[in-house]
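The values are calculated or read from the model by the stated rules, or taken from the named source; none is laboratory data. Since we're looking at a predicted model, the values are computed, not measured. In this analysis, Cβ positions are derived from the backbone assuming ideal geometry, glycine residues included, and neighbour counts consider all displayed protein chains.
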Amino acid sequence: MADVLTGATNQFEFRELPSSKIVLSPECYTRLSADINLCAFSGNDELEYGTFLYGKEVKPNVIYFHTPSKHDDYEPKFREFEVNVDKNGNELKMHKEFINNIENSIYDCIAHIHTHPYIGGTCRFFSNQDLRTIQTLQKDFQPSNGRKKYFFGGLLTVGPENTHESDEISFVFYDEHNGWYKITNIYVLLDDKEIPFTEVNGRPKMKI
């Protein structure tokens, strides 16, 4: 077995963002389900997959992510989700879309989502590098018109022995003044009804 992930932070110990909720459209839920299935069944248990989700804050701390990235032209990498350029240095369509959507007034919330394979140890947690990525997005990737964007981090974790029942989903948010928060109230909008994710001991499962 490969070495377990090191330098990780237990996001489940973060404070809950007050009165918070994340609602996923069916399209976003389908994309996240596909990413975690790729992670589980790709044949390489250390590759990471992911996407961006785009949405709006519909009420204070209530976020509706309605649009996943239209592209998935990145190469899955060993314990890293990198979507800037391809192996030849060409900008990826997923990254170009992300940069364009920072300037798009339709969205004020963006989530950077990636998977972790189940390799024991702290693989259920965000690596410290993952968290630094979210901090960098929040601080440095803001639109030119001054209308603030809010960035969230999402982690999809494959369960032991690829058992879907124990796949987990986590969302975090970095507030530049108050630090890190978690959001564990996660729903999927189906037939105009918000269906909650199953939650066990404060940890949402990737199922409804």
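Here are some notes:
- In segment 125-132, the condition of being assigned to a strand (DSSP E or B) and of a type outside the set (Phe, Trp, Tyr) is met by at least one residue.
- Residue pairs whose Cβ atoms lie under 6 Å apart, separated by 6 or more positions or on different chains, with the first residue in segment 144-161 and touching a residue at least 40 places away in the same chain (Cβ under 8 Å) and the second of a type in the set (Lys, Arg), are THR157/ARG124.
- Residues that are within 22 Å of ASN84 (Cβ to Cβ) and either assigned to a loop (DSSP other than H, G, I, E, B) or touching a Gly at 6+ places or on another chain (Cβ under 6 Å) (or both) within segment 43-57 comprise ASN44, GLU46, TYR49, listed in sequence order.
- Selection status of GLU82, closer than 25 Å to PHE125 by Cα, out of contact with any Leu (no Cβ under 8 Å at 6 or more places or on another chain) and charged (D, E, K, R): yes
- Only one of the numbered conditions (1) basic (Lys, Arg); (2) in a loop (DSSP other than H, G, I, E, B); (3) under 17 Å from LYS149 (Cα atoms) is not met by LYS70, and that is (3).
- Any chance GLY153 is small (Gly, Ala, Ser) and not in a strand (DSSP E or B): no
- Residue pairs whose Cβ atoms lie under 9 Å apart, separated by 6 or more positions or on different chains, with the first residue in segment 111-125 and more than 21 Å from LYS182 (Cα to Cα) and the second among the β-branched types (Val, Ile, Thr) and surrounded by fewer than 20 Cβ atoms within 10 Å (Cβ to Cβ), are ILE119/VAL4; GLY120/VAL4.
Yes/no matrix, rows are residues, columns are (1) at pLDDT 95 or above; (2) surrounded by fewer than 18 Cβ atoms within 10 Å (Cβ to Cβ); (3) under 21 Å from ILE106 (Cβ atoms); (4) out of contact with any Lys or Arg (no Cβ under 7 Å at 6 or more places or on another chain):
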| position | (1), (2), (3), (4) |
| --- | --- |
| LEU137 | yes, no, yes, yes |
| GLN142 | yes, yes, yes, no |
| LEU155 | yes, no, no, yes |
| PRO160 | no, yes, no, yes |
| ILE195 | yes, yes, no, yes |
| ILE208 | no, yes, no, yes |
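- Residue in segment 114-127 that is within 21 Å of THR30 (Cα to Cα), exposed (fewer than 15 other Cβ atoms within 10 Å of the Cβ) and of a type outside the set (Lys, Arg) present: no
- Segment 165-189 - residue that is more than 16 Å from the chain's Cα centre (by Cα) and among the acidic types (Asp, Glu) and, of those, nearest to ASN201 (Cα to Cα): GLU165
- Close contacts from segment 54-80, counting a first residue that is under 20 Å from VAL172 (Cβ atoms) and a second that is part of a strand (DSSP E or B) and of a type in the set (Asp, Glu), with Cβ to Cβ under 9 Å and a gap of 6+ residues or different chains, come to ILE63/GLU57; TYR64/GLU57; ARG79/GLU48; GLU80/GLU48.
- Of the criteria (1) in contact (Cβ under 8 Å) with a residue 40 or more places away in the chain; (2) within 18 Å of PRO117 (Cβ to Cβ), which one SER42 fails: (1)
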